[in-house]
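Comments concern the structure below.
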């Protein structure tokens, strides 16, 4: 048995990126299978069948699911009973993402926003994107890795409504955003929704919403009910897999929320494709690493 | 909804016999290209170094590695077509492309060009790159390699598909039909969600 080190965090960060690109989480596969059972449109059923064949190839031949290896996002939860140096974790995550790109190798999808120079490392100014959270009871470091592809991310949207426009404006915005996106985000995937907070927080909440296992419900019953209502609404649109028509336009709607200002009513939508990739690792003080989703 | 297995190159008559919702599986060769390739050709005035006459174009997103003279596949997928929309009519008119393979479709001008020249848009399943890579047997040639990963790739394919005919030479656009139906349904959805009275 070894012991915890920042080199280990770097190795895990590399491994997580590659695992996320190759192993689709079981909850996503199960949701796709259930969706296929409900789908009646012949074109849509053909699309599902191609998706299943492609997943099968990833599982049996160790292949990458989608060529868009995305922008790397790490969601980190630091355990209160496992104190660590956050700055060293940050550096290790960046190095791990870079090594995954160079050593696997795969296409680096990130570049300078003005010069458009691509160093082919997946990292750079502001990347990888890291979210930090804390759990006072945990005696481990939890890292969730999401490679976010652009087809779905490009369809994301945020809007600051007024309190007078109410919840109806929020719901309309979510439905209209999905209706306008058509086949672009490679549906059926997850519709992540943020409600409340500030303009930056509401967008981050929508991203955290797509990081949840498919079909998990918000613990607050009123938000859980809204998730179900929006799921039904979106799946009655008929937009369907790849925007070519069908009964299933989304696998799930997930909502995350926060308190907001008395004058504000923010909403954000983060779209995730059917290949809703994520990989998780828990690292313990004795150096044990448990991989999951 | 009929299913066809087609060998490249395609002729006009064959393309005019296809209708939206038909399924197509391709054997032979297809040419991959995308944003920078088309800008290099049409905006910067460089003639394509290869004939596309009768062949399908794939809006490709290739991850390849070079081993000596050969290009080996890592993973090859398909990117969103709408960004390349304005280059589609000249690809058909000037270079003879008979099909465009991609995701998310093209706009009205491209649909009209398909009617005029006899061509189709074939929809692939986005994100299913593992199966797409498997159906591409070989990267036979790379033209304009300095533009890689946005060069021109000659792919030899076997049982490539099934692709869905989503825009045909008869003026049908499945994407537009689905969008119109979604718009018709929205008022009822708003009422159900208590967004409108």
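Taking every pair of alpha-carbon atoms in segment B:44-94, give the share separated by more than 11 Å as a whole percent.
Numbers: 995 of 1275 pairs.
Taking all Cα-Cα pairs of segment B:44-94, the fraction more than 11 Å apart is 78 percent.
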Relative contact order for segment B:95-194: what percent, with Cα pairs under 8 Å and sequence separation of 6 or more? 29 percent
Binning at 5 Å from 0, report for chain A what percent of all alpha-carbon pair distances ends up in each bin. 1, 6, 12, 15, 17, 16, 14, 11, 6, 2, 1, 0
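Starting from the Cα-Cα distance between residue B:143 and residue B:93, subtract it from 0.36 nm times their residue separation and give me the gain in nm to one decimal.
Working: separation 50, 0.36 × 50 = 18.00 nm, distance 2.08 nm.
Contour length minus Cα-Cα distance gives 15.9 nm.
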Using the alpha-carbon atoms, what tilt in degrees (0 to 90, nearest 10) does helix A:6-22 show relative to the longest principal axis of chain A? 30 degrees
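Give me the inter-chain shielding for A:96-104: mean count of other chain Cβ atoms within 10 Å, whole number please.
Working: counts 0, 0, 0, 0, 0, 0, 0, 0, 2.
The shielding value for this peptide is 0.
With all pairs of different alpha carbon atoms counted, what Kirkwood hydrodynamic radius in Å does chain B show? Spell out each step's value before the answer.
Values: mean 1/r = 0.0576 Å⁻¹.
Result for chain B, one decimal place: 17.4 Å.
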Per DSSP H run of at least 4 residues, take -39500 (n - 2.57); add these up for chain A, divide by its residues and hand me the 222 nm value, nearest 500 deg cm²/dmol. -12500 deg cm²/dmol
Chain A: most fluctuating residue of A:209, A:281, A:224 per GNM, C-alpha cutoff 10 Å: A:224
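With contacts defined as alpha carbon pairs under 8 Å and 6 or more residues apart, what's the relative contact order of segment B:3-192 in percent?
Relative contact order of segment B:3-192: 29 percent.
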Give the relative contact order (percent, whole number) for segment A:14-136; include only Cα pairs under 8 Å separated by 6+ residues. 31 percent
With Cα coordinates, the longest principal axis of chain B makes an angle with the long axis of helix B:108-117, in degrees rounded to 10, of 60 degrees
Can you figure out the FRET efficiency of residue B:108 with residue A:82, using R₀ = 41 Å and their beta-carbon distance, to the nearest 0.05? 0.10
With just the Cα atoms of the protein assembly as shown, tell me how far they stretch along each of the three principal axes, in Å, largest first. 70, 64, 42
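From the Cα trace of segment B:1-116, what convex hull volume per residue do you get, rounded to a whole Å³? List each step's numbers first, then the result.
Values: hull volume 14.2 nm³, N = 116.
Hull volume normalised by residue count: 122 Å³.
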Please list, in order, the residues from segment B:160-197 whose amide nitrogen is less than 20 Å from a point placed 7 Å along the Cα→Cβ vector of residue A:222. B:193-196
Compare A:165, A:77, A:95 in a GNM of chain A, Cα atoms joined below 10 Å, and give the one with the largest fluctuation. A:165
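Can you work out D for segment A:231-284 in µm² s⁻¹ from Stokes-Einstein, where Rh is the Kirkwood radius over C-alpha pairs, the temperature is 4 °C and the viscosity is 1.567 mPa s? It would help to have the intermediate numbers written out before the result.
Working: Rh = 14.3 Å.
Taking Rh from Cα pairs, D becomes 91 µm²/s.
Roughly what percent of Cα-Cα pairs across segment A:42-87 reach past 17 Å? Working shown, then result.
On the way: 639 of 1035 pairs.
I get 62 percent for the Cα pairs in segment A:42-87 exceeding 17 Å.
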Percent breakdown of C-alpha pair distances by 5 Å bin, ordered from the shortest bin, for segment A:1-118: 2, 9, 15, 16, 15, 14, 12, 9, 5, 3, 1
Hey, could you pull the Cα Rg and Dmax for segment A:151-272, both in Å? 13.2, 42
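Readers should treat all values here as calculations from the given coordinates under stated rules, not as data from a laboratory. Quick caveat: nothing in here was measured; it's all calculated off a predicted structure. Virtual Cβ from ideal backbone geometry, glycine too; neighbours counted across all protein chains shown.
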